[in-house]
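S.K.: Have a look at this one before I ask anything.
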Amino acid sequence: MKQSCRYYRLAILCIAAVILSSCTETIVSQPEPGLPPSSNIAIKPTRAVDTSYGPLTRIIASDQLIGYIALVNPRIGQTGAFTKAQVTVQNLTQNRYSMEYQFQWEDAQQFAVGSPRPWVRFVLGPQEAKNIQEMALNKESIRTKFTIRLPDDIFIELNRQMEKSLKQ
């Protein structure tokens, strides 16, 4: 009798575990396996910091974007005396992402030239790719760091609410 009660308890615990585990919800989908290549954009996995293209370092600053967003086709060129850079940001999923990016220009010795540029927001739809370009504002700028991240809206919203409460 005691053994049959143990089996019933064990069976109930197993059923409860199965039911509870099936109720979890996934917020972000996994990257799509075997995506067909676009016309001229090669999809390749990137690390959080990719220095494989010498003068243009690509950085994914939000862990939630690694494996879901790719930074591909880095390019550096000259327009007159100024350097320009371009990176393709590609969404590898069926999700829509609101992100922001920033360029930080450097001289030949990798010292920062000027202050970092402001963060620029943009939206990337499912399977979408966007080319992002920027021109250096200083003639000594020959290298750049391109950083992408999810916006810190919580801090912005808290700041707005604090300002509202101070005005009242």
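Nothing in this text is a laboratory measurement; each read-out follows from the coordinates by a stated rule. Because the structure is predicted, anything quoted here is derived from the model rather than measured. Note: ideal-geometry Cβ built from the backbone for every residue, glycine included; neighbour counts use all protein chains shown.
S.K.: Extension gain Ala48-Arg96, at 0.36 nm per residue separation less the Cα-Cα distance, in nm?
M.R.: 15.3 nm
S.K.: How much length is gained on full extension from Val123 to Gln86, taking 0.36 nm per residue of separation minus their Cα-Cα distance?
M.R.: Result: 11.6 nm gained on full extension.
S.K.: Counting only other residues whose beta carbon sits under 12 Å from that of Pro55, what net charge do I get with K and R as +1, D and E as -1?
M.R.: Counting the neighbours of Pro55, the net charge comes to +3.
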